[in-house]
Amino acid sequence: MEQQQNNNSENILSLANTLRWDLGVDLHDAVIESIYEDASRIARKTVQSTGEKATYNFERKIDQLVTSRWLGFPIMFLLLALVFWITVAGANVPSGMLASLLLDTVHPALKGFAANIGLPWWLSGVLIDGAYLSMAWVIAVMLPPMAIFFPLFTLLEDLGYLPRVAFNMDSLFRKAGAHGKQALSMSMGFGCNAAGVIATRVIDSPRERLIAIITNNFSLCNGRWPTQILIATIFIGGAVPSYWAGLVSAGAVVGIAVLGIGFSLAVSWGLSRSVLKGEASTFSLELPPYRPPRILQTLYTSLIDRTIFVLWRAIVFAIPAGVVIWLVANIHIGGESLAEHFIDWTNPVALLFGLNGVIILAYIIAIPANEIVIPTILMLTVVSAGMAGVGHGAGVMFELDSISATENILRAGGWTLLTGVNLMLFSLLHNPCSTTIYTIYKETNSVKWTLVSTFLPIVLGLVICFFVTQLWMLLA
């Protein structure tokens, strides 16, 4: 054995000498020289001699601010809030234009065409009032926010800021037994949970990636922002003096979003200490240099790879949902529609959670897209309350430009402040949309974890709504 080791050593030395003579390079000296060069480069960036004039390093100054213990989180929240504000405010005009085109112009034209060719009323209802309207709502409400949010998010990614977000959030996620990079997928989830699930690919650990996938639904995606804003404006803002209404409503929506981050950390902690037990893995996070934006690549990545991809999946699932919405509102048994039967049957149970049968049915048949929840709720409320002259008929989703008119419909349906609060909570804590559910299955290849990701938020949402309702009753 000793003789064999000596032979191996001699062979290695012989090979090194051969390379030295053939290449004219001493490998030992080359390695040492490389190490010294790296050390010198690091020293130039971090060490200065006594009395030497400090070299102003712009990137270091920025990092001292954005990764600061005291300023890192406020800057992070301000930047994300700015992105959300630009997204919501900037999407209003294009969403309105698309809604006007697809709902106010194309929809009546299709109905007129169907009447002219003698299409049966039920087939016209299924295809145009059901399938087409559902697709139109998804495009009008979903496309503009994604077309704004994803480029802004990709821009922050290209600039090099998002790794700083992961750096800031790493300690929190490690304490929760998760991975610091989960902050990136969570942030992406605020634009779209399906895209957030795909973004978990940056996490190497299968256990921690699975935790990030399961909890991504707690990020308030752009499909749920309109519901949160509308309900907060009507019920939360309406409960305080008018001069405080705007500020209190905005605070309520931001509070729900922050609550989602809290639930993400809490559930990650619970999973990492139970069914997904394990220690949080350490990872070396290299903060890349700040780079100028690459506009064309940013637009391609955000619009083609993310926006169009996610929108197409949502449309595929939304079309059959529209058909179901029209059918349950127009198929009658014993003088009542299927929707009315379901609402009457679930109302007593739903009231225990501070909700109602309309909300439960809306969230069941609007699984393909959160964007159609409010139009579905309004249509079902009109049907169940028997309101005449409101909306466009049974099974036809609609929204109103006037917030006060929307409030009148909801209050006529028995809505209270408690209903509004619990709807905001349930909007945060309910099952993922069908696009996200399908994406979870594709990413995990597991029916088990897809079901866990789907039903865990529902159970949590119902528990929270139940306790809020009981506490409300005690304080009333």
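I want to confirm something. Restricting to the stretch 206-240 and keeping residues that are in contact (Cβ under 8 Å) with a residue 12 or more places away in the chain and not in a helix (DSSP H, G or I), which single residue is nearest to Thr444 (Cα to Cα)? So the residue we want is Ser219. Filtering the stretch 420-454 to residues that are aromatic (Phe, Trp, Tyr) and within 17 Å of Leu276 (Cα to Cα) leaves only Trp449. Filtering Val382, Val328 for residues that are of a type in the set (A, V, I, L, M), modelled with pLDDT of 90 or more, in a helix (DSSP H, G or I) and in contact with a strand residue (DSSP E or B) (Cβ under 9 Å, 6 or more places away or on another chain) leaves a single hit, Val328. Does Gly393 meet the test of being out of contact with any Lys or Arg (no Cβ under 7 Å at 6 or more places or on another chain) and either of a type in the set (Ser, Thr, Tyr) or surrounded by 19 or more Cβ atoms within 10 Å (Cβ to Cβ) (or both)? Against the criterion (out of contact with any Lys or Arg (no Cβ under 7 Å at 6 or more places or on another chain) and either of a type in the set (Ser, Thr, Tyr) or surrounded by 19 or more Cβ atoms within 10 Å (Cβ to Cβ) (or both)), Gly393 does not qualify.
Being surrounded by 24 or more Cβ atoms within 10 Å (Cβ to Cβ) and either under 14 Å from Met379 (Cβ atoms) or modelled with pLDDT of 90 or more (or both), is that true of even one residue in the stretch 311-320? No, because not a single residue in the stretch 311-320 is surrounded by 24 or more Cβ atoms within 10 Å (Cβ to Cβ) and either under 14 Å from Met379 (Cβ atoms) or modelled with pLDDT of 90 or more (or both).
Condition first: farther than 22 Å from Thr381 by Cα, among the hydroxyl-bearing types (Ser, Thr, Tyr) and not assigned by TED's automatic domain parsing to the domain that holds Val141. Can you find one or more residues in the stretch 406-426 that meet it? No, the conditions are met nowhere in the stretch 406-426. Among the residues of the stretch 187-205, those that are in a loop (DSSP other than H, G, I, E, B) and either touching a residue at least 60 places away in the same chain (Cβ under 8 Å) or under 22 Å from Leu423 (Cα atoms) (or both) comprise Phe190, Gly191, Cys192, Asp204, Ser205. Note on the stretch 65-107: residues that are of a type in the set (Ser, Thr, Tyr) and within 16 Å of Pro226 (Cβ to Cβ) amount to 2. When Thr439, Thr416 are checked against the criterion of being modelled with pLDDT of 90 or more and surrounded by fewer than 15 Cβ atoms within 10 Å (Cβ to Cβ), a single residue qualifies: Thr416. Kindly establish whether Gly118 is surrounded by fewer than 12 Cβ atoms within 10 Å (Cβ to Cβ), at pLDDT 85 or above, assigned by TED's automatic domain parsing to the domain that holds Leu152 and not in a helix (DSSP H, G or I). Judged against the criteria, Gly118 is a match.
The values are calculated or read from the model by the stated rules, or taken from the named source; none is laboratory data. All of these numbers come straight from a predicted model, not from anything done at the bench. Cβ atoms come from the backbone with ideal geometry, glycine included; neighbour counts cover every protein chain shown.
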